[in-house]
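What follows is a short report on a single structure.
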Amino acid sequence: MWDDVVRLLTLQDANTRVVLIGAGLLGLAAGVVGSFAVLRRRALVGDAVAHAALPGIGLAFFVVGERDFGAFLLGALVMGAACAGLISLVRAYTRVKEDAAIAVAVGGFFGLGIVLSRLAQNSPEGNKAGLDGFIYGKAASMIASDARLIAWVAGGALLGVALLYKELKVLSFDRDFAQAQGWPTLALDLLVMGLICVVTVAGLPAVGIVLIVALLVIPPAAARFWTDRLGTMLVLAGAIGLGAGVLGTAVSATAPVPAGMLSRGWPTGPAIVLCAGAAFLASLLAAPRRGVVAGALRRVGLRRRIQLQNLLRAMHEAAEGSPGALFEPGVELMLERGWSPSRVRAVVRRARRAGLVEPPGADDPGRGPLRLTEAGARAAASVVRAHRQWELFLIEHADIAPDHVDRDADQIEHVLPPDLLRTLEERLAASGRATVPVSPHPLPKPAPGAGGTP
Amino acid sequence: MIIDRSHPGVTTEPAVEVHDCTVAYDRRPVLWDVDLLLPPRRLIAIVGPNGAGKSTLLKAILGLVPLASGKVEVFGKPLRQARHLVGYVPQRESVDWDFPVSALDVVLMGRYGRLGWVRRPGSADRRAAREALEKVGMSACADRQISQLSGGQQQRVFLARALAQDASLYFMDEPFAGVDAATEKAMVTVLRGLREGGRTVVAVHHDLQTVPEYFDHVVLLNMRLVAAGPVGEAFTPANLHKTYGGRLTILDEAAEAVRRARG
């Protein structure tokens, strides 16, 4: 099998070369054009327009009588526009909401399209035109002229987006502003719809009507995870589409078919879409800032930092109450914060590893009393300072009663950005309290049995 | 005195002339027969209760919603010929702040109008955009993605985009919404700077208390024009009572009847 893959990817076989190039360019164009549909929150309208292409093509076939890209495109554009128009009419003039209107249009136009293509197939020319293949797509049967067409379409779409990048950007971000600035927003909207139609029609033979939509929407959605820049997003969406097209074609052409199943081999369109879907899943999970894993790690990190800071603050405040006393984390934190014994152990373990706390004796296992190391004392002082600065701010500027501020400050002290803390510190310095301020409310009494002298 | 042709506001012709405008949403009239002359080189507030049609009036002047009847002129010309003189700050909620652009990108959009088709913003435009960010105190956030800005910062980015437009006449839809007091003061300073430069600002405003302090001229609106004029003359208890003293149920009912009849 690997030999096959290598042979395929190195384009040694003229036939597969055509299919690979065609599918790759289609993915590229769909990713870039689809980005604007996704960003304008028009993914569903794109879906409807793409489905409307099928009856458009069927009608065009009845008029022209053969497989002709120009006629098919015209039919698809007309029906696509009719579909989009119908959706907005229904929305504007009836009580049907937009999602229902889109669902009605998608289903209705698709059903009409299937009927028309069945009718067309019964004529001898229709069978040759391969209209039935437009529903699921048959990339493997792509011929050089199909690929050439896709190349032209992709080139045109990319050129259009490159030239009108700034216009499409302002249209997608803020349509009212663009219109107030004098841009013909309706024409630009129609251009985006037109580009979607062109890519759809060019891609139908390869990927099919149902899945071309996935190719328009999935790569941009995946690309968005990795970047906060529109230009980068377009490049990534194009690259993901290209990769999905090439890889999906390669996999479907070379993966071994289980004996007795899939008499026609692996379907290419679904393989391409599955590759795009895998890229989406990977992006969703692994993207550095917006990804799910990164988010979960960030939350765990924040929770641990808060727990650590709570330990440090408790130790600092206990030491304020009875200087030199040892701190019983189990007793203090379980009582005051309701921590379970295992959580107390975990937090203490992490604090010890960070060199912030230590047991009084070197050979102590660390289940008993603790004291702050030098670094720990510094860290604790700064945590307490942040906490009390925030409390003072709440009391002085937000008119919150002193006995209420502890809880509020407790939530926020861990996440205050340094520049805000600096501002608070300047205010404190101005009022002559530069070091750790005294707590503005009475501290809880040390729990009985906790502390004790060394 | 040198008359700057790019800022016709230095002449005395009205900045905006709204002539007998009626606007309907969904065939339901929201503004009835508004006649309005707005003078140049003023800070002008549009006030009125919720649903009074304040945003709609701005959008009607800007051609963003169709007029059921009437006409609008900007500096004595149809809007089509005066677009380059007009800047716009939409409501902050009207856009998707998760859009993949930086604050600087958004401000650069203010320059797009003068660039024309296809041309990309160059270094001069970048400089102008950075200066605009500087004026609203947002230089430090230039490269931040816009969702990472606070509400007040987003509002300031919108104001900077309008400054980058370098227009003669600005329409601002609730520029102080969701803005903290310090930011509001800073923004008012910017607006006063615009007035010193001969520009006109028309802003939908919600806080009646600050109207006399911030604005020279006021438009009181509640589905129809209640009063308009210099703050000293028009911003009177009687006019405020007419504007806010309960909705005009007759207009409301009439609008509803129109909608039902045509729907």
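Below is a table of values for the structure above.
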quantity	calculated
Relative contact order [Cα under 8 Å, 6+ residues apart], region A:296-388, whole percent	33
Per-residue mean of C-beta atoms belonging to partner chains within 10 Å, peptide A:221-228	2
Simple label model, 7 Å out from Cα along Cβ direction - A:ASP13 to A:ALA187, nm	4.8
Volume per residue of the C-alpha convex hull in the protein assembly as shown, rounded to whole Å³	242
Ranked packing of A:34-40, A:109-115, most packed first, by mean Cβ within 10 Å	A:34-40, A:109-115
Pairwise burial B:A, computed as accessible area of each alone minus the pair, summed, 1.4 Å, Å²	3000
Intensity falloff of region A:1-125 expressed as log10 I(q)/I(0), Debye formula with alpha-carbon point scatterers, at q = 0.11, 0.12, 0.15, 0.18 Å⁻¹	-0.54, -0.62, -0.84, -1.00
In degrees, nearest ten, helix B:103-115 long axis to first principal axis of chain B (Cα)	80
Label-point separation, B:ASP207 to B:ASP98 (7 Å along Cα→Cβ), nm	3.1
Average accessible surface area per residue within region A:12-213, 1.4 Å rolling probe, Å²	41
Measure of compaction for region B:44-162 (Cα Rg per 2.2 N^0.38 Å)	1.18
Highest to lowest packing among A:159-166, A:294-301, scored as the average C-beta count within 10 Å	A:159-166, A:294-301
Stokes-Einstein diffusion coefficient of chain B, Kirkwood radius over Cα pairs, 10 °C, 1.306 mPa s, in µm²/s	83
Residues of region A:219-240 with amide N under 15 Å of the 7 Å Cα→Cβ point at A:GLU98	none
At R0 = 30 Å, FRET efficiency that the Cβ-Cβ distance of A:LEU159 and A:ARG229 yields, to 0.05	0.90
Mean separation of Cα contacts under 8 Å (6+ apart) over length of chain B, as relative contact order %	27
Carbon + sulfur, % of accessible area of region A:79-164 - ligands and nucleic acids excluded, 1.4 Å	67
Virtual spin-label span in nm between B:ALA261 and A:VAL300, 7 Å along Cα→Cβ	6.8
Occluded residues from region B:107-127, i.e. those whose accessible area drops by 30 Å² or more once the chain is not alone (1.4 Å probe)	B:MET109, B:TYR112, B:GLY113, B:TRP117, B:VAL118, B:ARG120
Average Cα contact separation per residue, region A:12-213, under 8 Å, 6 or more apart, as relative contact order %	35
Per-residue mean of C-beta atoms belonging to partner chains within 10 Å, peptide A:181-187	4
More than 23 angstrom apart: percent of Cα pairs within region A:12-213	45
Efficiency of FRET from Cβ geometry, A:SER322 and A:SER88, R₀ 60 Å, rounded to 0.05	0.25
Percent accessible area from carbon and sulfur atoms, chain B, protein chains only, probe 1.4 Å	51
Estimated vicinal HN-Hα couplings, Hz - region A:159-176 in sequence order (Karplus 6.51, -1.76, 1.60; Gly, Pro = x)	4, x, 5, 5, 5, 9, 3, 5, 5, 5, 5, 5, 4, 5, 7, 8, 5, 4
Order by protection proxy (mean Cβ within 10 Å, highest first), peptides A:196-202, B:37-43, B:153-159	A:196-202, B:153-159, B:37-43
Against the rule of thumb 2.2 N^0.38 Å, how large the Cα Rg of region A:296-388 comes out	1.01
Neighbouring partner chain Cβ atoms per residue of A:156-169, average, 10 Å criterion	2
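The values are calculated or read from the model by the stated rules, or taken from the named source; none is laboratory data. As the structure is a prediction and not an experimental result, all values here were calculated from the model. Here the Cβ is made from the backbone with ideal geometry for all residues, glycine too, and neighbour counts use every protein chain on show. SASA here: full protein model, heavy atoms, side chains in, ligands and nucleic acids out. Shrake-Rupley method; radii C 1.70, N 1.55, O 1.52, S 1.80 Å.
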